[in-house]
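Asks: I have a structure here, written as structure tokens, and I will follow up with some questions on it.
The values are calculated or read from the model by the stated rules, or taken from the named source; none is laboratory data. All values reported here derive from a predicted model rather than from experimental measurement. Don't worry about glycine lacking a Cβ; one is built from the backbone with ideal geometry, like all the others, and counts go over all protein chains shown.
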Amino acid sequence: MSAWHTYVEMRSPRLGPLGRRMLFWTLIELWLLNLIDLVLTRYSLWLGFASESNGVMRHFFNEGTWLAAVFKIGIVTAGALLLGRIRAYRSALFAAIILAGFFAAVVVYQALWILSL
């Protein structure tokens, strides 16, 4: 076992079967929230009442919606796959919950903002 695995094992106890199922569904939720965020962002930009505040995504949206979609979906998919790879550890579930919560907050903010127009 590598030093990294030993460190992670000491810092993050293992998940049981229920925790692994929770991680799986949290990662699915994270991916779906990311997709909803992409759609709401694109709609807000199309309306002309918003601008992308993330410089990286602004660049990709300026290059085209498909490129922005591929990048955004790809980056979150890669992160979800990495968290799935370390699914045995509680830290993976903790990270997934934090990320899903962040995306949920962004989606709620965007949806409320669009409804207020």
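Asks: Just need a number here: residues in the range 70-89 that are buried (at least 16 other Cβ atoms within 10 Å of the Cβ) and over 13 Å from the mean Cα position of the chain (by Cα).
Replies: Qualifying residue count, the range 70-89: 4.
Asks: Something else now. Is it the case that the range 37-60 has a residue that's at pLDDT 95 or above, β-branched (Val, Ile, Thr) and closer than 30 Å to ARG21 by Cβ?
Replies: yes
Asks: How many residues are closer than 24 Å to ILE97 by Cα and surrounded by 17 or more Cβ atoms within 10 Å (Cβ to Cβ) if we restrict to the range 37-56?
Replies: Count: 4.
Asks: Another question about this same structure. If you check LEU18 against the conditions, is it at negative phi, outside any loop (DSSP other than H, G, I, E, B) and either of a type in the set (S, T, N, Q) or modelled with pLDDT of 95 or more (or both)?
Replies: Here the answer is no, as LEU18 does not meet what is asked.
Asks: In the range 95-113, what residues are over 10 Å from the mean Cα position of the chain (by Cα) and without any contact (Cβ under 8 Å) to a residue 12 or more places away in the chain?
Replies: Scanning the range 95-113 gives ALA105, VAL108, TYR109, LEU112.
Asks: When the residues of the range 1-15 are narrowed to those that are part of a helix (DSSP H, G or I), of a type outside the set (D, E, K, R) and exposed (fewer than 13 other Cβ atoms within 10 Å of the Cβ), which ends up modelled with the highest pLDDT?
Replies: Step by step, filter the range 1-15, then rank; the result is ALA3.
Asks: Let me ask something else. Look through LEU117, LEU45, LEU99, LEU30 and report the one residue that is within 30 Å of PRO13 (Cβ to Cβ) and in contact with a Phe, Trp or Tyr (Cβ under 7 Å, 6 or more places away or on another chain). Walk me through how you get there before you give the answer.
Replies: On the way: LEU117 fails: within 30 Å of PRO13 (Cβ to Cβ); LEU45 fails: within 30 Å of PRO13 (Cβ to Cβ); LEU99 fails: in contact with a Phe, Trp or Tyr (Cβ under 7 Å, 6 or more places away or on another chain).
Exactly one of LEU117, LEU45, LEU99, LEU30 is within 30 Å of PRO13 (Cβ to Cβ) and in contact with a Phe, Trp or Tyr (Cβ under 7 Å, 6 or more places away or on another chain), namely LEU30.
Asks: Okay, next question. How do the pairs read when you match residues in the range 64-92 that are touching a residue at least 40 places away in the same chain (Cβ under 8 Å) with residues anywhere that are in a strand (DSSP E or B) and polar (S, T, N, Q), using Cβ under 6 Å and keeping only pairs 6 or more apart or on different chains?
Replies: Matching pairs, first to second residue: none at all.
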